[in-house]
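Worksheet for the structure shown next.
Rule-based calculations on the coordinates, nothing more; no lab input. Worth saying up front: this structure is predicted, and the values here are computed from it rather than measured. Using ideal geometry, Cβ is built from the backbone for each residue, glycine included, and neighbour counts are taken over all protein chains shown.
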Amino acid sequence: MSLVSDTWVNLVHRIRYNTPLVESPDGNLKNLQGNSAGAALVEVSGAALPAGAATAALQPVKTDVGPTLVIDNTALPAAGAFTTTDYQTITPGTRRVTFIVKYTKHASATTGQCKKRMLWKFSATCTDVYEGFVDTGNLTVSEPKVALKGYCEDINGPQFNAGVTSGQHHWTYEVPPGAIGCIMQLAEMGDTANKGTVSQWIATSEVL
């Protein structure tokens, strides 16, 4: 195997990003790219490589996907109830998910605020699993131990006061091992009698 066609920069790049070194039919190392959708591996120069064992061992380049629309400018449910959209499928290899939320305050509301609830699905029977967090500011000390309080996560806000009618924000989560689906439910909590409208998108990444 010859290293003539690969510079030290390429070698360092391959080691850093876990890209295998595979010999091409002419005996040189080729600068190859692929993607998570299983597209054919090609050289950076654009020349397609022949199919066979030499290309089968190569790993795909990690990719980002989205944003994809989940909720399209829809009024939130009455009385502070949560939305009930379907779970979004998590494809194998996904490491992070981001939900982008646009909230528009009702014209008759003095304050508006959107509550968010992140849920995970691990199987048909293991679903509606809350995202949890630990309150590090609420400690119970009993030497030599410290007890932390854990909670199921509901995110309140941001709150939109007078003069502010709408805004967008995002929340990013690391995908727990084994998760096959996720959902971010939304609810009005600022003025439940005058509920706002929301749009929501999801984006995913194979990079942690």
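Projected label points at residue 140 and residue 207, each 7 Å from Cα along the beta carbon direction, are separated by 4.3 nanometres.
Fully extending the segment from residue 194 to residue 96 would add 31.9 nm, taking 0.36 nm per residue of separation and subtracting the current Cα-Cα distance.
Across segment 64-205, the mean sequence separation of Cα contacts (distance under 8 Å, 6 or more residues apart), normalised by length, yields a relative contact order of 51 percent. Protection proxy ranking for 185-194, 122-131, using the average of other Cβ atoms within 10 Å per residue and placing the highest first: 185-194, 122-131.
For segment 162-188, there are no residues whose amide N sits under 16 Å from a probe point set 7 Å from the Cα of residue 125 along the beta carbon direction.
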